[in-house]
Every structure is written in structure tokens, then in C-alpha cells.
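J.: Take a look at this one; I'll ask things after.
The values are calculated or read from the model by the stated rules, or taken from the named source; none is laboratory data. Since we're looking at a predicted model, the values are computed, not measured. So basically every Cβ, Gly included, is an ideal-geometry build from the backbone, and we count neighbours across all protein chains shown. Note: areas computed on protein heavy atoms with side chains; ligands, DNA, RNA excluded. Shrake-Rupley method; radii C 1.70, N 1.55, O 1.52, S 1.80 Å.
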Amino acid sequence: MMKIMVWFLTLRTRIQAIAERHARFILPVAFLWGLFWDSLTLRRPDSPFENATVIAYLLLSAGAIVILNLRRARHGIDPSLLMLGFLQFAFGNLTSALLVLYIKSGTLVGSALFFAVFGIILVGNEFISDKYSRVQVHIAVWYFLILSYFTIAIPILAGRIGDVMYAVSIVASIAAVSLLLAVIYAVAARPLLERLWHIATAVGGIAVLMSALYFTGNTPPAPLMLKHIGMYHSVTRTGDGNYIGTYEPARWYQFFLNTSNAYTHAVGASAYCASAVFAPERLSTLIFHRWEYYDRSQEKWVTTLRIPLGIQGGRATGYRGYSHSAALKPGKWRCNVETARGALIGRFSFLVVAGAPASLEEAIF
């Protein structure tokens, strides 16, 4: 028995020595492993299991933050690599889960600034590894993640999206981080008070930055998700509620397109932009189809139509709708699917060519 204990203690000492020698790599690896762990699991933002998973990681990471501060305040012990690694793993899982939902809910072009903020969290960890044990960094990252989650979860619970729901998300996230601070204060008052101004500045800065991104239309419109978009020559609704569209097929290598991005247009004929947008069950809202033409003389995109479409949540493959226009001229066009505030849900870019289509196919969508 004594030999087993000695062997175990020796092994633990060796592992600890290896961990300390490679400490700068352990936290990024833990974060990236957490990022990978859940990256392929999330499918719907309204799934009870997936929401329970995100909430569990939020609670676990909050608990880890409290324990780290308790150990330092009461015992004067520096945070262990094991606990920091666990916290990083939880943060990685949260980041991956939210990234999957946000990427599905928008476009990289329409939400580039928002995804840049997420990118800073992903790659910036290496640059702040020597400061990562500080409470203000932990809480700032936690607040950013819980705010990102609330902006998805609260509209699902309320059954609507919009400015009011975003304001509720801000208030709820501030209440949540205040509760976390209250718990930390109960176990580690002095260290928290020493950093309280820095924490308030970080949390306030994140809230202001995220609000600025939202109100300028640079935030992905989660929990809405584009499931289908394409350009059609005709759209007919059948008796069983489906839609049949005729379209020019995409080239064989354009497997990512539903219809061809070259649209042959005859004078006087109507062109149809059809989309299917997923919304969680009980959520209903207005979306818009914005038709834009690239004016080469002005070197900018010019809006020709902005048509509202009501959508109702619950259908797994998305709520379908379409808009049409006959006022097309040769050149570059795009049909944007967006929220009332202009956040981009999806886009189909196409080139209009005058003439009659060589061949058309028919499909149900």
C-alpha cells in the first residue's frame, strides 16, 4: 500500500512539473478543446437540451470563478492550472455553442464586427495568459458570454424580437453578473473591492460595445436562421401548403447554391426571390426582402424594393415566403433577407442577363 502511495505522489509531482513547464500552452489547449467539444452539437437555439447545456457551462464557469477567488483570498493560494484549465474548457464550450448559433443566424459580411469581437476572445487568450487569473478578466469574459446567450434566449422565451427584447437582455445580463459579484464578495470581499472599478469598467464597456453593434445592425439576428434562398422564374403555392418554383439550375460545382447565380430575365417578366427563415416556436416577427442593384456610375448598391414578410416560428426547415419584381435590368443584383433594423439574415447575389432562359427546372421548397 505504501509503495502505491509513493508511486502516486511521485506521478502527481511529475505531472505537476510538466504542467508548470508547459503552462503557457495548457490554457489555450483547454480553451480550444472546449471550443471543439460542442462545435458540432448545436442545431436549434430553442432546443431544451442545448439550452440546458449552455446554462450548465455558465453555472460551472461562474462556480470556478468563485472558487479561484476563494482560494486566493482565504488561503493565499495562486489559482491551480487544473482549475484554470477547467474554466478555460467551460469558456471554450460556451464560445463554440454561441458561435455556432450566431454563424447560422447571419452572414460574415453583415456581422463582421461582431465576429471580430468573438475572434478577439478566441485568439486573444494567448496574449493575456499572464493576466488570465485576474478576477476582472474572468468576469469580463463571463459577462460577454452570458450577454451573448441572453440576446438569443430571452426573445425565444418572450416569443418576439426587437429593441425591447435587447434592452431586457442587457438588464438581465447586468443582474446576472451583479449576482456573481455578490457571491464573490461574500467569499473574497477585499480582492474584489480592489478590482471593482476595473470590473465595472470592463462590464460597462462590453455592454456599450454590444449595444452599439446591435443598434447599427452589425449583430447577427439570432435566433433567426436562414434555411433557404434562391432566385426563381415563377413561384406557385400548392393546395397542401408547399411552394413549387421554376429556376435555372446552378452549375455542377456550385453545390452551395440553391439556384443559379446567373438570372436570365425577359422584359416584362417577374423575378422571384424566395426564402425560408427558421424562427423558434411561438416567435413571430416581420422580416424584409431588400432588392438592391449595383449602380456602376455611383459605385454603390441602390435599393429598389424593400418588402415586408411576416414569419411564424416552429417549422424546422423555416417559414417560407417570397417577393417579386419585374423592374430588373442587366447587371449585378442581390436580394437581402433582413430584420426591421437591417441586420442581415442572409443574402443571394446574382447577375441579371437579358434574354430567355435556356432551360428551367422545377422544385418544391
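J.: With a point put 7 Å past each Cα toward its Cβ, work out how far residue 327 is from residue 196 in nm, to one decimal.
T.: Taking the simple label geometry, residue 327 and residue 196 are separated by 6.0 nm.
J.: Turning to a different aspect of this structure: What does the extension gain come out to for residue 242 and residue 189, with contour length at 0.36 nm per residue minus their alpha carbon separation?
T.: Length gained between residue 242 and residue 189: 12.9 nm.
J.: Now for a separate question. Averaged per residue, what accessible area in Å² does segment 218-365 show with a 1.4 Å probe, protein chains only?
T.: I get 49 Å² per residue for this part.
J.: Here is a further query. In whole Å, what three semi-axes, largest first, describe the equivalent ellipsoid of segment 169-259 built from its Cα gyration tensor (square root of 5 times each eigenvalue)?
T.: Values for segment 169-259, descending: 52, 15, 12 Å.
J.: At 0.36 nm per residue, minus the direct Cα-Cα distance, what do residue 270 and residue 307 gain on full extension? Give it in nm, one decimal, please.
T.: 11.8 nm
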